[in-house]
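Q: Below is one structure. I have some questions about it.
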Amino acid sequence: MGRPITQPSTGGGAGDAGPAGALVQDTEWAGERRSAAGVATLLGTALFGLDAAAGRLDMTRGALWTGLAVLVFVILLPLRVSTRPGLLSARGLFTEHTVRTDSLVSVRWSDGVSQRMVLRDADGSRVEIDPRILVRNPAMWRHLDADAQTSVQRGTLLCGATAMRQLAKRIDGETARTVFKVSGLG
């Protein structure tokens, strides 16, 4: 299990690079949370409505549909990822995992249906995040990239240079596409 962040925030807002030491959070997390709540509410409402229309709705079935809607919300609720120099934290509904990004020992891609980036530090802590979070939050990427370079200089990052280069290439491509789109060239 990870360690909680014990340093107080020194300023900066979501997605804002802010001063050194500033906490940077995923700018799209709130929208994803609202989407998860919306899907769960829609499912619960549909189940209640169908059951009521069929004349089968009672306390037991109502509790079952409510529990199912809550379960769907918990499954769809994304991790809340935040960074500050030296730390990356991923907080779920009941857990929080934190790694020291300035003492990383490995960065790798996990296998599976959805691509995940797995970061491990010298203390043995592990965080698994969706790399799209770093793509859409440049300030978070800057923290991680700078700290990964520190890990390389210290000699702790033994496995992960390729994964970091792949992610940097992906972020550079997204940035270039965004610049072309905003400038009307793309």
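Q: Would you pick out the residues in the stretch 53-95 that are small (Gly, Ala, Ser), in contact with a strand residue (DSSP E or B) (Cβ under 7 Å, 6 or more places away or on another chain) and under 14 Å from residue 129 (Cα atoms)?
A: Across the stretch 53-95, the qualifying residues are 82, 89, 90.
Q: Quick check on this structure: which one of 55, 92 is open to solvent by less than 40 Å² (accessible area, probe 1.4 Å) and among the small types (Gly, Ala, Ser)?
A: Residue meeting the stated conditions: 92.
Q: It is to be established whether one or more residues within the stretch 8-31 are at pLDDT below 90 and farther than 24 Å from residue 139 by Cβ.
A: no
Q: Oh, and also: So is residue 180 outside any helix (DSSP H, G or I) and not β-branched (Val, Ile, Thr) or not?
A: no
Q: Check off (1) surrounded by fewer than 21 Cβ atoms within 10 Å (Cβ to Cβ); (2) part of a helix (DSSP H, G or I); (3) at pLDDT below 95; (4) not polar (S, T, N, Q) for residue 67 and give me the number that stays unchecked.
A: (3)
Q: Moving on. How do the pairs read when you match residues in the stretch 153-165 that are touching a residue at least 40 places away in the same chain (Cβ under 8 Å) with residues anywhere that are surrounded by 11 or more Cβ atoms within 10 Å (Cβ to Cβ) and assigned to a loop (DSSP other than H, G, I, E, B), using Cβ under 6 Å and keeping only pairs 6 or more apart or on different chains?
A: 156/122
Q: Between residues in the stretch 34-51 that are farther than 12 Å from residue 70 by Cα and residues that are part of a helix (DSSP H, G or I) and open to solvent by 70 Å² or more (accessible area, probe 1.4 Å), which pairs lie under 6 Å by C-beta distance while being six or more apart or on different chains?
A: That search, which allows pairs on different chains as well, returns 51/61.
The values are calculated or read from the model by the stated rules, or taken from the named source; none is laboratory data. Since the model is a prediction, treat every value here as computed from it, not as a measurement. Every residue, glycine among them, receives a Cβ derived from its backbone with ideal geometry; neighbour counts consider all protein chains shown. Please note that ligands, DNA and RNA were not included when accessible areas were found on the heavy atoms of the full protein model with its side chains. Shrake-Rupley method; radii C 1.70, N 1.55, O 1.52, S 1.80 Å.
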